[in-house]
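S.K.: Structure in structure tokens, see below.
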Amino acid sequence: MIENKLGQVLLGLKRKGYHANHWIFPGGQLDYGETVAQCGTREVWEETNLRVKVEGLIDIVSETTANKHVVFINLLAKGEGQPVITEPHEIVEWRWIDINQLPDNTSLSVRSVIHKYQRGQLVIPL
């Protein structure tokens, strides 16, 4: 979860695959030997061309469907700037969105993390 100085979060509208047509956080898979914080920073850069400062771990969310099991390690990061769509085959658009005005098609995992953050969820420093 990337938050800017206005209290907005950066969400991307997923084009295809898991969470297609839903707003999601930037993210991806860990590379071998990489820390979770390094992965978060790298994935945000690769997907948006934004530099962020990871502050810590907010939550871990596990989701299952009929044929897939996904685990999201949700970090809190601070960032600013205009995101760039670097993977147009994956993301329709990136948008800074007011944390209290999430689109209806925001993924459940994103909603869960934001709700916990708003309630004062402890952020574990990394």
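S.K.: Filter segment 110-126 down to the residues that are part of a helix (DSSP H, G or I) and without any contact (Cβ under 8 Å) to a residue 60 or more places away in the chain and list them by number. Spell out how you get there, then give the answer.
M.R.: As a first pass, look at segment 110-126 and keep what is part of a helix (DSSP H, G or I): 110-118.
ARG111, SER112, HIS115, LYS116, GLN118, listed by residue number.
S.K.: Can you find, within segment 28-44, the residue that is surrounded by the fewest Cβ atoms within 10 Å (Cβ to Cβ) among those that are assigned to a loop (DSSP other than H, G, I, E, B) and not charged (D, E, K, R)? Quick ask: steps written out before the conclusion?
M.R.: In the first step, residues of segment 28-44 are kept if they are assigned to a loop (DSSP other than H, G, I, E, B); the result is 28-35.
Checking the rest, the ones that are also not charged (D, E, K, R) come to 28-30, 32-33, 35.
Numbers: GLY28: 14, GLN29: 7, LEU30: 14, TYR32: 4, GLY33: 6, THR35: 11.
By that ranking, first place goes to TYR32.
S.K.: For segment 88-102, what are the residues that are over 13 Å from GLY7 (Cα atoms), part of a loop (DSSP other than H, G, I, E, B) and within 15 Å of the chain's Cα centre (by Cα)?
M.R.: Matches in segment 88-102: GLU90 only.
S.K.: Confirm whether LEU50 is part of a loop (DSSP other than H, G, I, E, B) and under 21 Å from VAL123 (Cβ atoms). Reasoning before the result, please.
M.R.: Numbers: part of a loop (DSSP other than H, G, I, E, B): yes; under 21 Å from VAL123 (Cβ atoms): yes.
Taking the combined requirement at face value, the residue satisfies it.
S.K.: Tell me which of these PHE25 doesn't satisfy, since it passes every other one: (1) surrounded by fewer than 18 Cβ atoms within 10 Å (Cβ to Cβ); (2) of a type in the set (Phe, Trp, Tyr); (3) within 12 Å of the chain's Cα centre (by Cα).
M.R.: (1)
S.K.: Shifting gears a bit: Report, by residue number, each residue of segment 1-51 that is in contact with a Leu (Cβ under 9 Å, 6 or more places away or on another chain) and over 21 Å from VAL70 (Cβ atoms).
M.R.: Passing the criteria: GLU3, ASN4, LEU50.
S.K.: Do you know which residues across segment 42-78 are without any contact (Cβ under 8 Å) to a residue 40 or more places away in the chain, over 18 Å from VAL110 (Cα atoms) and of a type outside the set (A, V, I, L, M, F, W, C)?
M.R.: Answer for segment 42-78, where residues must be without any contact (Cβ under 8 Å) to a residue 40 or more places away in the chain, over 18 Å from VAL110 (Cα atoms) and of a type outside the set (A, V, I, L, M, F, W, C): ARG42, ASN49, ARG51, LYS53, ASN67.
S.K.: Working carefully through the options GLU87, GLU80, GLU93, GLU47, find the one that is at pLDDT 95 or above and crowded, with 17+ Cβ neighbours inside 10 Å.
M.R.: Values: GLU87 fails: crowded, with 17+ Cβ neighbours inside 10 Å; GLU80 fails: crowded, with 17+ Cβ neighbours inside 10 Å; GLU93 fails: crowded, with 17+ Cβ neighbours inside 10 Å.
That would be GLU47, the only listed residue that is at pLDDT 95 or above and crowded, with 17+ Cβ neighbours inside 10 Å.
S.K.: Which of the following residues is within 12 Å of MET1 (Cα to Cα), surrounded by 18 or more Cβ atoms within 10 Å (Cβ to Cβ) and of a type outside the set (Ser, Thr, Tyr): VAL52, VAL123?
M.R.: Just a single option satisfies the conditions, and that option is VAL52.
The values are calculated or read from the model by the stated rules, or taken from the named source; none is laboratory data. Everything quoted here is computed from the prediction, not taken from an experiment. A quick note on method: Cβ atoms are made from the backbone with ideal geometry, for glycine too, and the neighbour counts reach across all protein chains shown.
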